[in-house]
Amino acid sequence: MTRAFRQQIDEGILDHAAGLFARHGYPLTSIRAVADAVGLSKPGLLHRFPSKEALREAVVRRSQELQRDVYSQVHDMPPGPERDRAVIETVVDQAQAHPGLLSLTLGFHTLLETDARDAPGGDTRILIEAFGSGPEPEPERLLRITAAFSAVSMLVLAAHRAGKPSAWRPHIVAIACDSFGHPHP
């Protein structure tokens with residue numbers, strides 16, 4: 001099996017596991033449920049991720065990688081409507097490619113956690129900082145960011161269920177950007 005193929009399988013496992021964690025919570029998601037979701041036996045899944053905790057750690061690590069990717073794409077842009085839109089577009093593209101991971105990361109509860117490091121999808125501060133608001137934005141700004149991410153999370157999943165992720169992308173971006181109150185370009 002080639003390395004690229006193994007990595008693709010692992011990405012699918014992480015995405016499905018994250019989606020189940022987001023939907024049912026980590027404590028209520030079993031290794032068997034994840035294995036069933038990806039078409040593996042429980043021993044087959046445990047061969048790749050030796051424990052439920054190892055799987056959770058891998059999910060959080062991948063979530064953090066995606067967040068750092070968003071930040072790296074926009075960190076040189078000045079804060080403002082263009083940067084906000086660039087963050088939203090990048091997050092929508094990631095969400096379409098990794099719906100489970102982004103459901104876990106973007107769940108509204110993760111952005112409002114009192115200690116973001118304990119959020120189910122891992123520390124979300126870097127994703128918040130991608131908007132150029134600093135690590136602790138004003139409450140209204142944090143609520144707008146949360147509204148945008150909640151819209152992205154819910155609408156991308158709906159687009160996947162409808163089989164129209166590409167067709168709905170511009171609408172999802174526009175709706176998420178509306179959360180900030182910026183004029184449309």
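The values are calculated or read from the model by the stated rules, or taken from the named source; none is laboratory data. Computed from a predicted model, the values in this text were never measured in an experiment. Because the Cβ atoms are built from the backbone with ideal geometry, glycine has one as well, and the counts that use them run over all protein chains shown. Ligands, DNA and RNA are stripped out before the accessible areas are found, and what is left, the full protein with its side chains, is counted by its heavy atoms. Shrake-Rupley method; radii C 1.70, N 1.55, O 1.52, S 1.80 Å.
Which FRET efficiency, nearest 0.05, do LEU143 and LYS164 yield, Cβ-Cβ r, R0 22 Å?
So the FRET efficiency works out to roughly 0.15.
Just how much of LEU46 is accessible, in Å², when a 1.4 Å probe is used and the result is rounded to the nearest 10?
My reading of the accessible area for LEU46 is about 60 Å².
What nm distance separates the two modelled labels at ILE9 and ARG23, each placed 7 Å from Cα along Cα→Cβ?
Each label point is offset 7 Å from its Cα along the Cβ direction, giving 2.3 nm.
What is the distance in Å between the Cα centres of segment 139-156 and segment 69-101?
Cα centroid to Cα centroid, the span is 13 Å.
Given the Cα-Cα distance of SER41 and ALA86 and 0.36 nm per residue of separation, how much length would full extension add, in nm?
Here the answer is 12.2 nm.
Sort HIS16, HIS171 from largest to smallest accessible area, using a 1.4 Å probe on the heavy atoms of the protein chains.
HIS171, HIS16
Can you tell me the length gained on complete extension of the stretch ARG61 to ASP76, counting 0.36 nm per residue apart and subtracting the Cα distance?
3.0 nm
If only Cα atoms are counted, what is the Rg of the chain, and what is its Dmax, in Å?
Rg then Dmax for the chain, in Å: 16.6, 53.
For the chain, what is the mean residue ellipticity at 222 nm derived from helices alone (per DSSP H run of n ≥ 4: -39500 (n - 2.57); sum divided by total residues; nearest 500 deg cm²/dmol)?
Taking each H run of at least 4 residues, the total per residue is -22500 deg cm²/dmol.
Can you give the alpha-carbon Rg of segment 17-97 over 2.2 N^0.38 Å, where N counts its residues?
For segment 17-97, the normalised Cα radius of gyration comes out at 1.39.
Using the heavy atoms of the protein chains alone and a 1.4 angstrom probe, what is the accessible area of segment 37-90 per residue in square angstrom?
53 Å²
To the nearest whole percent, what portion of all C-alpha pairs in segment 139-185 is separated by more than 14 angstrom?
Summing the P(r) tail past 14 Å for segment 139-185 gives 49 percent.
How do ARG141, ARG61, ARG83 rank by accessible surface area computed with a 1.4 Å probe, from largest to smallest?
In descending accessible area the options line up as ARG61, ARG141, ARG83.
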